[in-house]
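> Here it is, the structure in full.
The values are calculated or read from the model by the stated rules, or taken from the named source; none is laboratory data. Keep in mind it's a predicted model, so treat the numbers as computed, not measured. Positions of Cβ are generated from backbone atoms using ideal geometry, with glycine treated the same way; all protein chains shown enter the neighbour counts.
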Amino acid sequence: MNEKIDLKEIEQQTFHEFMIDGITEILSGLVLIYMPILFHNPIFVAFVPFLILFGGPVVDSIRERTTYPRLGRVELRVDSESEDFSMKRSILEFSLFILSAFIITIIVMFVVEGDITNPQLWYKWVPLLFGLIMFGPSLFLVEKTGQRRYYILGVFATILGFIFSLIVFPDEKLGIFLYFFSLGVISIIVGVIKYISFIRKYPVIETEEE
């Protein structure tokens, strides 16, 4: 009984287990595909509150049917003060991350284009900016799961964003649409592959009735 219990490691393992069903990647891909549509026509902003309000319950409902019957369900108790502090820290860190991504994009844009005053260039370099911002979720997943492979998310999104920012499109908004669409489709494909693998690997846990 002298084994030391690492609560952080247990939390990471638990979080990682619930990332293997691929549902997060599928829903993230759908959101990424939706984003350029929203950018192209602001009228679709009307649907954003519905996504915020019903997104969580829908995800939980899907996992109630597919994930929890196979893995079970564990909820770690979190102190409210500690949770509030963590939330404030996350918001601050993410804000600083966006600022850093913005500054790096300006520097790269100036080096490549030699100009940062042309509004059309800002549209052109949105993919790189978003790719850099994606390092935020990437670092979050690494911290929460302990799996360094999630660095691939930020690296891939940034490289793809840089490539799309270098390509000259007839319309700069087309580059943004294709970038988000490509990233979304890739995310969905990865999610579907993980979901199928998860369903095959983990059978439903049968509970004995008393």
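> For the range 150-174, enumerate the residues that are within 17 Å of VAL112 (Cα to Cα) and not hydroxyl-bearing (Ser, Thr, Tyr).
Within the range 150-174, ILE159, LEU160, GLY161, PHE162, ILE163, PHE164, LEU166, ILE167, VAL168, PHE169, GLU172 meet the criteria.
> Do you know which residues across the range 75-100 are modelled with pLDDT under 75 and either surrounded by 12 or more Cβ atoms within 10 Å (Cβ to Cβ) or in contact with a Leu (Cβ under 8 Å, 6 or more places away or on another chain) (or both)?
SER86, SER90
> May I pose another question? Of the residues VAL142, VAL112, VAL155, VAL126, which is more than 18 Å from VAL31 (Cα to Cα), in contact (Cβ under 8 Å) with a residue 40 or more places away in the chain and either surrounded by 12 or more Cβ atoms within 10 Å (Cβ to Cβ) or over 18 Å from the mean Cα position of the chain (by Cα) (or both)?
VAL112
> Within the range 109-162, work out how many residues are touching a Lys or Arg at 6+ places or on another chain (Cβ under 8 Å) and under 20 Å from ILE33 (Cβ atoms).
The qualifying residues number 1.
> Scanning the range 163-180 for residues that are buried (at least 17 other Cβ atoms within 10 Å of the Cβ) and of a type outside the set (Asp, Glu), which turns out nearest to MET109 (Cα to Cα)?
SER165
> Further question: Which of the residues belonging to the range 140-177 are in a helix (DSSP H, G or I), closer than 20 Å to GLN120 by Cα and at pLDDT below 90?
Answer for the range 140-177, where residues must be in a helix (DSSP H, G or I), closer than 20 Å to GLN120 by Cα and at pLDDT below 90: GLU172, LYS173, LEU174, GLY175, ILE176, PHE177.
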